[in-house]
């Protein structure tokens, strides 16, 4: 991404050429991958031409340093982030024809940096899922193996970047929905510290955990995109000030002297595939070789992290999705006889099965009989988890583990057993509950050549630390595999 | 502790009611009207998911005093009076409008 931005600024390539190349790639791959729900080819090319004209004008006036950092770079945006005047479906029949009346703050920032939004990507309905098979509009396929899933819920964004159809993308992460698809597809995915990226214009799923994050081909691109989209926003009272990541410092980061804790429950559980475990152990050995102290860390509360996450997220989802009543926007059922039927028929026809499941779960834990012992208890457990993480970060610079216990599963497998699908979120939900930043980077392949993702977690506002470590490891992996370090930007 | 035992018993009593009763009640709370096939699928799913979630009730947790290390950042913007007319944009989101108002089924006979 940043390589393209630089090439456009220096006029080695035009934005129009880059956009046409992306659409050429789409013609070949999109029919089989189905990463996008909306694409605007003509509009995107026109915008690219405007960007090129701007570059010419600024360069001719000697002002190329004043050009926005991502001018002319085509990027994709997950379809739960509003873009004014365009469809935002959230992968749901409920919003199939919904046209956004305003643009999300993080997307405005992306546009302000000069990026061209070339389309909206496929996703599990309302962010609920781990495979992108819960999209009303059909699944997205894994770019390396179309018999497998790209992960979810930001599977479309991950497939678009990994499949060469976008130079970068925005996804959203509630319980792992940026990190896990990044891990499955072999790219970089960052979940920022909660609140550092505004949620204004991000369609709500679980408001205390939702956040937009970058999916990119390398760590430096992810850092740049994070710097663009972050920032306190008066339209989101949960947003907080944060510092930009220093890219030069990322390049100079070393693991020597760092203390890294590998969370034992994430690595040593019954679902961890052998190849994944070996890859993480190899990373541990590499880090030790480079001067880090690496230890296994026990965190007993992690045993309940998935349950806590699904209690809290379902409760919030059941509340957030109560707005879909067929009155002011979205799908409205036909043949209704009274107001109650308007609500129930609209919601029953507009929502898919997984969304219904989560709404039922949410209403269960919020019902008067179970509120205290489910919801309140989960709140206490989440608070205790945050305290445990703070204590651990007093001892360790980074915490680590696989981003998923497995590599990308085959299509149709996850839907067979919802509980197993939920339990597969074990590696990612702790960071979500704690509000801490976490990044997924590729760290190898399994025996079927499927990517394996390593997750690095840091304390709140620790993006510099986790991206520094990620960049260091990324360069080391590249040296060992012979591929260029960070050469995909 | 008695509090925790009571919750486990309550849960077991809840699950002993027929799945049909539970699903019907939950779907009413959720504003959903489920087909028979959905009721069967979701009953089966919830009969496994809810006990898994319910394990949280057995954790020994207390409402500890506010953690001094957990700070809450809240920024309030200054009050600023300005004309904000977004009614046109709101209306543009609906197909069910008449005279600038949302149309709904009759609620009062």
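No value in this document is a laboratory result; all are computed from the given coordinates. The shown structure was predicted, so the numbers you read here are calculated from the model rather than taken from an experiment. Positions of Cβ are backbone-derived with ideal geometry, glycine not excepted, and every protein chain shown enters the neighbour counts.
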Cα point-scatterer Debye curve for segment A:35-76, base-10 log of I(q)/I(0) at q = 0.35 Å⁻¹: -1.20
Residue mean of other protein chain beta carbons inside 10 Å, A:354-365: 6
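Kirkwood hydrodynamic radius of segment A:374-489 from all distinct Cα pairs, in Å?
16.1 Å
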Between segment B:79-95 and segment A:124-200, the alpha-carbon center distance in angstrom: 32 Å
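For segment A:187-247, what is the relative contact order in percent, using Cα pairs closer than 8 Å and at least 6 residues apart in sequence?
41 percent
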Convex hull (Cα only) mean projected area of chain A, reported in nm² to one decimal: 22.5 nm²
Protection-proxy order for peptides A:55-61, A:77-83, each taking the mean of Cβ atoms within 10 Å per residue, highest first: A:77-83, A:55-61
Gained length - residue A:349 relative to residue A:63, 0.36 nm times residue gap less alpha-carbon distance: 97.5 nm
Spin-label model distance (nm) - residue A:54 vs residue A:17, 7 Å beyond Cα toward Cβ: 2.0 nm
Segment A:391-432 pair-distance distribution - Cα-Cα, 5 Å bins, rounded %: 5, 17, 24, 20, 12, 9, 6, 5, 1
Shielding by partners, peptide A:227-235 (average Cβ within 10 angstrom, other chains): 1
Neighbouring partner chain Cβ atoms per residue of A:308-314, average, 10 Å criterion: 2
Relative contact order %, segment A:329-461, counting alpha carbon pairs below 8 Å whose residues are six or more apart: 22 percent
Sorted by Cβ density within 10 Å, fewest first, the residues A:400, B:98, A:242, A:10: B:98, A:10, A:242, A:400
Gain on full stretching of the segment that runs from residue A:337 to residue A:246 - 0.36 nm per residue minus C-alpha separation: 26.8 nm
Kirkwood-based Rg to Rh ratio, segment A:185-250, C-alpha trace: 0.98
Computed over chain A: relative contact order in percent, which uses C-alpha pairs under 8 Å that are six or more apart: 17 percent
